[in-house]
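Peer 1: If you scroll down you'll find the structure; I have some questions about it.
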Amino acid sequence: MTGIGGVEMGAQAARSRALAVLRVRSRALGVALLPAAAAVILLVGGSTGRLAGGGWDVLRWVVSVLAVFVLLAAAGVALVVARSRPAVTPTVTVAEESAPDLYRMVRDLADRLDVPAPSAIALTPDCDSWLEDRTHPAHGPPPAEQHDDDLSGPGGSAHRRSAAAPVLVIGSPFLWWMRVGELRAVLAPVVAGTGPSAHPDIAAARRFIRGLDAAVAVASAGGRDPLSRVACAGLGWASRLLLRSCRGHAAEMERGVAAAAAERAQAVDYGLRIVAQEQVGLAYAGWDRLLTRVALPAWRMGRWPSRLDVGVVAALTELSRRDRLAEGFASRLGERPACDLLEEPGLMDEAVSLLAARLFHGGPAETGPDWSPVGWEEYPEEVVDRTWRTDAARLHRVLDTLGVRRAAEGTAPGTDGPTLARVLDHLTTPDAAVTATPAAGTGTRADAAEPETGSVPDAPTDAPDDDEDDLAGTTARGAALAAGLSAQLAREEAEVRPAGARAPASVPGPAAGPDAALWDDRALPLLPLQPPRTGREILTAHITAMVCCAAMDTAGAAPALDWLDGPSLLFDGARTADLASSVLSLVETGDPGPLRAWMTDLGIRPEKPVRLV
């Protein structure tokens, strides 16, 4: 299947499946009209005297009542399907005046492919690109039809942008990491999809599927009174039945659309697209690592990095340096980046960065004392140092709750401050009486649930079996300390969660920001980045933070940002090694030997008090 013939075959297959979806809709309508048709027959038969008397009168009334009920129910389902708001992706809309070069490139691409141009462009904090139809009535009227000013297609006539065309959603890391030619090659198959999308049968079938999906969501929300709950149950049953009937046809329709779009795009930058696809995989790896290891520590403490897309470029550049990628890497970076197609890339990066923080972690839509942006140059001091000292302070608070002495007996006055030696002594002193149950008031990890995405139960519960599995590799003292830290984290999260649990329908800035209408009554985060940390992971992170605080305050170490691994500790400008394995040895076996040897080599004084937050 090649060339124009391949395009026509894929489009024909998509249209055939779209008609099958519409036939399901027609059959559902026919079933809903059957009782009404039977009632009409009985009524006409009664008026002519052919079906009168005896049981015909009773049957006529029963069928008429049933017909009215079925028609009302069908009308209600149809109204919900037609008016329910389909799920759409929260994005940052790119206005044409803020990216005229990007719009010009996309329209030129549409002209080369001989398809309608997308109605608008939006950015998403993800490594993917797609078309999204937002012409549903619940989203308001579509924008007015617009004309290009000086853009001419291959035939010389001005290319018109249809108001019904879908929105082109572009992954923001692509704009910053890819070159202009690479981005055009990657977007070619996506833009080619506007051709099948303009076909009335395919568009109608997609609207029907999206409406059914939205109706299922409405039904799942349920109602407050018994009558509404019954109505929602009936709506959900009918919508799911229709969705199951359409599922196979809809999947084949989308495969046909994708095949037709890919075949049409073969003629545009085919050779460059092979190289660009390699950059897609690289961008995804760097983006995922940047979010989980660099952005997540900042989000947890109420700061959101405001230049995530710039960060992914730095991370991938560092990866190329470490892994010694192809020699042409440097020359590739010398080409024009796709973000140059934006008039104000910094402002757009900030809006996308806030959207990423809300999608993957949750939080309010506007900055405030507990939710403020941070630049990369401020990250080591504002995030790394503060995170370590906050975790160290929490560790000592839990030790106080467990009744651990501030200093050993016989120590000099004034040395009873927060020291690393206190932690080491507590975790390495044998004590058969210590169990994994924390002291009163500390709770268990069952109270903690999930610090980032979960909720805290109303009452403490006993430690479940999964918590015991989490702490199976720790000592008894370590398990008790981990349980106390988990409970303390849960309480802190519960205090700040109500303020940012749901996103208000507001935009963070006048020039660019997430689409407010897409956020109404949406619980955050929509896409949790990581599962909850286990008790052992929490304990390891807090001990590591205490070691880093001691290194900074007693040995002149400095906090730093590693683009691939997140927070790091520097000695004389070089990143430290072997700290993680030494801390794990202490947590899992209670052996402080490797950690003490590591600290001795670097001149760290565990008996000296450290500064905490």
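Peer 1: Do you know which of the residues in region 352-380 that are more than 15 Å from the chain's Cα centre (by Cα) and assigned to a helix (DSSP H, G or I) is surrounded by the fewest Cβ atoms within 10 Å (Cβ to Cβ)?
Peer 2: 377
Peer 1: Could you figure out which of (1) in contact with a helix residue (DSSP H, G or I) (Cβ under 9 Å, 6 or more places away or on another chain); (2) open to solvent by 90 Å² or more (accessible area, probe 1.4 Å) isn't true of residue 72?
Peer 2: Going through (1) in contact with a helix residue (DSSP H, G or I) (Cβ under 9 Å, 6 or more places away or on another chain); (2) open to solvent by 90 Å² or more (accessible area, probe 1.4 Å) one by one, residue 72 breaks only (1).
Peer 1: Examine region 286-306 for a residue that is part of a helix (DSSP H, G or I), under 17 Å from residue 176 (Cβ atoms), among the hydrophobic types (A, V, I, L, M, F, W, C) and open to solvent by 40 Å² or more (accessible area, probe 1.4 Å), and state whether such a residue exists.
Peer 2: From region 286-306, those part of a helix (DSSP H, G or I) are 286-300; that's our starting set.
Next, from what is left, pick out any that are under 17 Å from residue 176 (Cβ atoms): 286-291, 294-295.
Those left that are additionally among the hydrophobic types (A, V, I, L, M, F, W, C): 287, 290-291, 294-295.
Add one more test, that the residue is open to solvent by 40 Å² or more (accessible area, probe 1.4 Å), and what stays is none.
Within region 286-306 (the criterion being part of a helix (DSSP H, G or I), under 17 Å from residue 176 (Cβ atoms), among the hydrophobic types (A, V, I, L, M, F, W, C) and open to solvent by 40 Å² or more (accessible area, probe 1.4 Å)), the answer is no, since none of the residues qualifies.
Peer 1: Look at residue 45 and say whether it is assigned to a helix (DSSP H, G or I), at pLDDT below 95, open to solvent by less than 20 Å² (accessible area, probe 1.4 Å) and over 21 Å from residue 180 (Cα atoms).
Peer 2: Answer is yes for this residue.
Peer 1: Determine if region 110-124 includes at least one residue that is under 28 Å from the mean Cα position of the chain (by Cα), of a type in the set (Ser, Thr, Tyr) and open to solvent by 20 Å² or more (accessible area, probe 1.4 Å).
Peer 2: Looking through region 110-124, none of the residues is under 28 Å from the mean Cα position of the chain (by Cα), of a type in the set (Ser, Thr, Tyr) and open to solvent by 20 Å² or more (accessible area, probe 1.4 Å).
Residue by residue, here is whether (1) among the β-branched types (Val, Ile, Thr); (2) at pLDDT 55 or above; (3) touching a strand residue (DSSP E or B) at 6+ places or on another chain (Cβ under 7 Å) holds:
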site	(1), (2), (3)
92	yes, yes, yes
97	no, yes, no
111	no, yes, yes
119	no, yes, yes
131	no, yes, yes
137	no, no, no
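Peer 1: Could you grab me the full set of residues in region 177-236 that are under 16 Å from residue 167 (Cα atoms), open to solvent by 60 Å² or more (accessible area, probe 1.4 Å) and assigned to a loop (DSSP other than H, G, I, E, B)?
Peer 2: Result: 198, single match.
Peer 1: With the requirement that a residue be among the acidic types (Asp, Glu) and crowded, with 22+ Cβ neighbours inside 10 Å, what does region 85-109 give you?
Peer 2: none
Peer 1: Might you let me know whether region 14-27 holds any residue that is over 37 Å from the mean Cα position of the chain (by Cα), modelled with pLDDT of 90 or more and surrounded by 17 or more Cβ atoms within 10 Å (Cβ to Cβ)?
Peer 2: no
Peer 1: Could you check residue 275 against (1) hydrophobic (A, V, I, L, M, F, W, C); (2) farther than 28 Å from residue 363 by Cα; (3) open to solvent by less than 30 Å² (accessible area, probe 1.4 Å) and say which number it fails?
Peer 2: Condition not satisfied by residue 275: (3).
The values are calculated or read from the model by the stated rules, or taken from the named source; none is laboratory data. Note that the coordinates shown come from a computational prediction; the quantities given were computed from them, not determined experimentally. Cβ: placed from backbone, ideal geometry, glycine included. Neighbour counts: every protein chain shown. Just so you know, the surface numbers come from the protein's heavy atoms only, side chains and all, with ligands and any DNA or RNA stripped out. Shrake-Rupley method; radii C 1.70, N 1.55, O 1.52, S 1.80 Å.
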